[in-house]
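The values are calculated or read from the model by the stated rules, or taken from the named source; none is laboratory data. Quantities reported herein were computed from a predicted structural model and do not represent experimental measurements. Backbone-built Cβ (ideal geometry, glycine too); neighbour counts: all protein chains shown. Accessible surface is based on the protein model in full, side chains and every heavy atom, while ligands, DNA and RNA are left aside. Shrake-Rupley method; radii C 1.70, N 1.55, O 1.52, S 1.80 Å.
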Amino acid sequence: AIDASDSGPQVTALFDFDGTLISGYSALVFLQDAMLKREAGTEELAAIVAALTKFGRGKISFSSLMDVHAQQLAGQPESEYTQHAEQLFRRKIARLIYPEARQLINAHRAKGHTIAIISSATRYQVEPAARELEIDHVYTTGLAIEDGVFTGEVIKPTCFGPGKVTAAKQLTRKRKGKLSSSFFYTDSIDDIELLKAVGNPVALNPNKKLNIAAR
């Protein structure tokens with residue numbers, strides 16, 4: 001399908017991050033690291049685990065989950081967290097990148113396509129991988145910063161569900177392209193709106209619900 005597509009930067013290849021470009025979820029890597037280093041208190045970790053569990057069961061929205069995450073970072077210098085995220089990528093996340101994902105990216109690059117990561121995760125989780133994969137366009141959920149310190153707030157709307165569609169439209173407009181000629185790769189049913197919006201939707205490592213929808 002990539003070989004048969006038009007060449008040029010007006011064609012966008014959009015990739016989800018967690019479960020799509022990497023095996024597993026970067027948020028869990030960050031959480032496990034905090035637990036091992038005891039960087040977060042017992043109550044903080046309990047709140048994060050509870051929020052992840054509720055989100056997984058569909059009892060809270062993604063925005064609510066991100067609110068909990070942002071609150072745990074309140075008061076922490078962004079520069080320190082950025083450095084920590086880079087180190088964590090090198091130690092644990094880099095090896096989770098699927099070799100097949102690299103092949104897909106290289107195939108799109110050979111056609112001159114615009115390649116982007118559109119993820120509900122934060123840039124601290126995604127940008128190190130984007131640099132490793134030489135991907136310049138990254139759309140993520142933002143965390144508010146004031147005087148170089150996390151405020152504990154999430155920048156709304158988040159890059160989730162319709163927020164991903166909005167990000168995709170922004171990029172295709174910049175590249176003078178159309179969603180109808182775009183590719184989008186994801187593993188999750190949460191991205192069904194963007195999958196329906198593009199001309200070339202691909203269920204990559206699909207979860208059970210997405211596998212059913214794709215078939």
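Laid out as a table, the results:
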item: Scope segment 72-88; condition open to solvent by 50 Å² or more (accessible area, probe 1.4 Å) and touching a strand residue (DSSP E or B) at 6+ places or on another chain (Cβ under 7 Å); matching residues; result: A74, G75, Q76
item: Pairs with Cβ under 6 Å, 6+ apart, first in segment 142-156 and farther than 12 Å from Y81 by Cα and of a type in the set (G, A, S), second at pLDDT below 95 and open to solvent by less than 50 Å² (accessible area, probe 1.4 Å); result: G152/A70
item: Segment 16-70, subset charged (D, E, K, R) and assigned to a loop (DSSP other than H, G, I, E, B), residue modelled with the highest pLDDT; result: D16
item: Residues satisfying the stated conditions in segment 96-109, i.e. more than 19 Å from A167 (Cβ to Cβ) and either touching a Ser or Thr at 6+ places or on another chain (Cβ under 9 Å) or part of a strand (DSSP E or B) (or both); result: L96, I97, Y98, A101
item: Qualifying residue in segment 100-116 (condition: open to solvent by less than 30 Å² (accessible area, probe 1.4 Å), in contact with a Pro (Cβ under 6 Å, 6 or more places away or on another chain) and modelled with pLDDT of 80 or more); result: yes
item: In segment 164-215, the residues that are part of a loop (DSSP other than H, G, I, E, B), under 21 Å from E100 (Cα atoms) and either among the aromatic types (F, W, Y) or open to solvent by 40 Å² or more (accessible area, probe 1.4 Å) (or both); result: N205, P206, N207
